[in-house]
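Step one of this worksheet: look at the structure below.
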Amino acid sequence: MNIHQLSVHHDERQDRLLLRLNTQDQQEFRFWLTRRMTLRLMPAIQQSAVRLEAAQPGVAATDAPAQHLLSELKRDAFLKKADFATPFDNHATQWPLGAEPLLITDAHLSIQTNGSLEISFEDKSDPAQARACQLHLQVSLVHGMVHLIEQASEKAEWGTVGSANKVTDKSPVAPSEPPRYAH
């Protein structure tokens with residue numbers, strides 16, 4: 001899946017975030033993140049981003065504080081180049097997971113040998129119809145997703161959803177065309 005755009009919106013009625021991902025072949029993947037899931041998931045995603053950055057060839061950050069600093073510098077550099085102004089494209093033609101977003105009840109993170117982060121989202125809210133989706137994200141997309149979730153969480157007044165100070169890890173090659181983000 002080649003992700004083209006990310007979007008995160010707060011649903012005030014349900015007090016949850018809607019994470020939407022568009023691919024270049026006009027597929028859209030939708031996920032509901034509750035406040036509780038977001039607060040538990042974000043520190044792990046941020047730690048994974050640090051590990052991805054530190055694993056990048058030629059990186060000599062060996063201790064946790066140096067890895068964290070490196071990740072913050074790379075995240076800041078990425079955010080300066082990222083396109084957050086382009087509106088999210090609502091013209092998807094396919095919804096591989098269905099029209100209703102997955103309610104994320106379980107998430108599993110795994111750093112891949114190719115330098116990407118595998119995130120497995122599971123919806124076990126209906127045991128008779130459990131659904132799942134695996135995403136493979138390069139570190140630049142992880143930084144963008146974290147940024148949008150932090151913004152939406154702040155707007156929702158959920159407090160601090162991540163702990164960038166706890167991050168400790170490594171990184172891959174950025175895509176040729178930077179992904180676009182929307183909030």
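The values are calculated or read from the model by the stated rules, or taken from the named source; none is laboratory data. Everything numeric in this text was worked out from a predicted model, so none of it was measured. All Cβ positions, even for glycine, are placed from backbone atoms using ideal geometry, and neighbour counts span all protein chains on display. Note: areas computed on protein heavy atoms with side chains; ligands, DNA, RNA excluded. Shrake-Rupley method; radii C 1.70, N 1.55, O 1.52, S 1.80 Å.
Brief remarks on what is shown
- Residue within the stretch 146-153 that is crowded, with 22+ Cβ neighbours inside 10 Å, modelled with pLDDT of 90 or more and not in a helix (DSSP H, G or I) present: no
- Residue selected from the stretch 78-109 under the condition in a helix (DSSP H, G or I) and of a type in the set (A, V, I, L, M, F, W, C), by the criterion most open to solvent (accessible area, probe 1.4 Å): L79
- Considered as a group, the residues in the stretch 47-71 that are open to solvent by 50 Å² or more (accessible area, probe 1.4 Å) and assigned to a helix (DSSP H, G or I) include one that is nearest to E12 (Cα to Cα), and that residue is Q47.
- Positions within the stretch 90-115 being acidic (D, E) and more than 18 Å from the chain's Cα centre (by Cα), in sequence order: E100
- Yes/no for S120 being surrounded by 12 or more Cβ atoms within 10 Å (Cβ to Cβ) and under 23 Å from H10 (Cα atoms): yes
- Candidate set: the stretch 26-46, residues that are assigned to a strand (DSSP E or B), open to solvent by less than 20 Å² (accessible area, probe 1.4 Å) and not aromatic (F, W, Y); chosen: the one modelled with the highest pLDDT: L33
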